[in-house]
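The values are calculated or read from the model by the stated rules, or taken from the named source; none is laboratory data. Note that the structure is predicted; figures quoted are calculated from it, not measured. Here Cβ is always computed from backbone atoms with ideal geometry, including for glycine, and neighbour counts include all displayed protein chains.
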Amino acid sequence: MEVHYGTPKGTQSLMGMFRWIRNGKVWFFEFVTLEAEPQGLMYRIKHFHPGLVGWEEKSESVAFVLVKAGEKEAVLYSQVKIAPPWLVLRRKSETEFVEFFEKEKGKYNPQEEFRYNKIDQDFSRSP
């Protein structure tokens, strides 16, 4: 698995992408946005099979609203009916963070964490 997030730019927005590889082949992709909106900070995900075949309908996404933010943790709640509804992003160190879903607030299986390590690869284009 790998995930890449850009640097927040412009009107309080951030974008990212995720790729999950299983048995040497891409299983699926995600395109992620984090945007400030009237209802709060929204984290949206669009899923794609290889070939960019979308999972969600064209105008739909899996949307979460930020409900808690701390120095090392962000907790988001799903705006669509999915199980589990809670998404937690937790920074373990300057170079590692984990992401996991909770079925009930505060309850999750540590073996279902997605663990990420920071790799400096910034190829942002200057204006």
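Structure data summary
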| read-out | value |
| --- | --- |
| All positions within the stretch 18-35 that are basic (K, R) and either over 21 Å from G6 (Cβ atoms) or surrounded by fewer than 14 Cβ atoms within 10 Å (Cβ to Cβ) (or both) | R22, K25 |
| Check on V26, farther than 21 Å from N117 by Cβ, assigned to a strand (DSSP E or B), among the β-branched types (V, I, T) and modelled with pLDDT of 90 or more | no |
| Condition met for V32 (modelled with pLDDT of 85 or more and more than 21 Å from I119 (Cβ to Cβ)) | no |
| Pairs with Cβ under 6 Å, 6+ apart, first in the stretch 36-61 and more than 20 Å from H4 (Cα to Cα) and surrounded by fewer than 17 Cβ atoms within 10 Å (Cβ to Cβ), second hydrophobic (A, V, I, L, M, F, W, C) and modelled with pLDDT of 90 or more | G40/V65; G40/L66 |
| Flag for R90 being surrounded by 14 or more Cβ atoms within 10 Å (Cβ to Cβ) and free of Cβ contacts under 8 Å to residues at least 24 places away in the same chain | yes |
| Where V67 falls short, out of the listed (1) at pLDDT 90 or above; (2) touching a Ser or Thr at 6+ places or on another chain (Cβ under 9 Å) | (2) |
